[in-house]
1. Of all residues in the stretch 120-138, how many are aliphatic (A, V, I, L, M), in contact with a helix residue (DSSP H, G or I) (Cβ under 9 Å, 6 or more places away or on another chain) and part of a helix (DSSP H, G or I)?
2. Scan the stretch 170-205 for residues that are out of contact with any helix residue (DSSP H, G or I) (no Cβ under 9 Å at 6 or more places or on another chain) and buried (at least 17 other Cβ atoms within 10 Å of the Cβ) and jot them down.
3. Anything in the stretch 226-251 that is among the small types (Gly, Ala, Ser) and either more than 17 Å from Val71 (Cα to Cα) or touching a Gly at 6+ places or on another chain (Cβ under 6 Å) (or both)? List them, or say none.
4. Residue check, Asp141 against (1) charged (D, E, K, R); (2) part of a helix (DSSP H, G or I); (3) at pLDDT 95 or above; (4) surrounded by fewer than 20 Cβ atoms within 10 Å (Cβ to Cβ), all met but one. Which one?
5. Residue by residue through the stretch 38-59, note down the ones that are touching a Phe, Trp or Tyr at 6+ places or on another chain (Cβ under 7 Å) and either of a type in the set (Lys, Arg) or surrounded by fewer than 22 Cβ atoms within 10 Å (Cβ to Cβ) (or both).
6. Among the residues of the stretch 217-245, count how many are outside any helix (DSSP H, G or I) and β-branched (Val, Ile, Thr).
7. Applying the selection to the stretch 98-119, what residues are assigned to a helix (DSSP H, G or I) and surrounded by fewer than 20 Cβ atoms within 10 Å (Cβ to Cβ)?
Amino acid sequence: MSRPGRVEVLGVGVDPATVDGLHAEIRRLVRRRGGVVLNANAHCLNLCYRDPALRRFFGAADLVFCDGAGVKLAARMLGGRLPERITYADWLPRLADFAEEEGLSLFFLGARPGVAERAAKRLRATRPALKVVGVRHGYFDRDADGAENGVVVAEINAARPDVLLLGLGMPLQERWLMENRRRLDVGVALTGGAVFDYASGGLRRGPRLLTDNGLEWLARLLVEPRRLWRRYLLGNPLFLLRVLRQRLGGPR
């Protein structure tokens, strides 16, 4: 899908989205129903680099926004410009404000049992009119033809949310959406990774000195070193090497 200003990074088009522009697109997609908005960071683009089906899924999305300093740097290296990095840790409260103002309903799917519920409770504590019409943890059999997956899809469709927010982690959330999106009765589906862990207060974000200066990856590594060392210490240099090769006109 070709969009004005979209920057192709490792075969994935990333849109020059701002938060206000993202809200406007969500409003448009909710009216149309069946939309998909995806977040892209260096880890995600490394996954897409090796997986043509995942890359095509990103290419068919209604909007792909920059969720990482590495993607913003890559766009600059490739002669493009992405106006801002939109991370869910910062954006979700603003998204909740927007949903409350617009009267949009939300469904949270993902994270460990109880986490998404705590996230919803914290958001509603200061937004009494916020409509969270469903919450479901992400620990279920995700086989598209399985009975448990069918129950989850039916639960979502019974609520008919304007916004389905997925927090299953990459690439599980994207693969689940690839397999189930045609069966879902939602306005727009958003992928959010660890969004509920942050929103519930269960995951520390790290020092603002790092998160505000393009070093979110280092802050996350400090908080979860055993889980994330491979993604960042190996994945980040590999990502930049691939972007450099793209810039020099090498094979994609």
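The values are calculated or read from the model by the stated rules, or taken from the named source; none is laboratory data. From a predicted model like this one, the values you see are computed outputs, not experimental measurements. Virtual Cβ from ideal backbone geometry, glycine too; neighbours counted across all protein chains shown.
1. Start the filter on the stretch 120-138 by keeping residues that are aliphatic (A, V, I, L, M), which leaves 120, 123, 125, 129-130, 132-133, 135.
After this cut, where a residue has to be in contact with a helix residue (DSSP H, G or I) (Cβ under 9 Å, 6 or more places away or on another chain) as well, the list is 120, 123, 129-130, 132-133, 135.
The next check asks that each one be part of a helix (DSSP H, G or I); those that pass are 120, 123.
Matching residues across the stretch 120-138 total 2.
2. Gln173
3. Narrowing the stretch 226-251 to residues among the small types (Gly, Ala, Ser): 235, 249-250.
Within the stretch 226-251, Gly249, Gly250 meet the criteria.
4. Failing condition for Asp141: (2).
5. Residue satisfying the conditions is Asn46 alone.
6. Total meeting the criteria: 0.
7. Phe98, Glu100, Glu101, Glu102, Glu117, Arg118
Every residue, every condition in (1) without any contact (Cβ under 8 Å) to a residue 60 or more places away in the chain; (2) over 15 Å from Val195 (Cβ atoms); (3) not assigned by TED's automatic domain parsing to the domain that holds Leu166, yes or no:
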site	(1), (2), (3)
Pro52	yes, yes, yes
Arg56	yes, yes, yes
Ala60	yes, yes, yes
Ala69	no, yes, yes
Met77	no, yes, yes
Leu95	no, no, yes
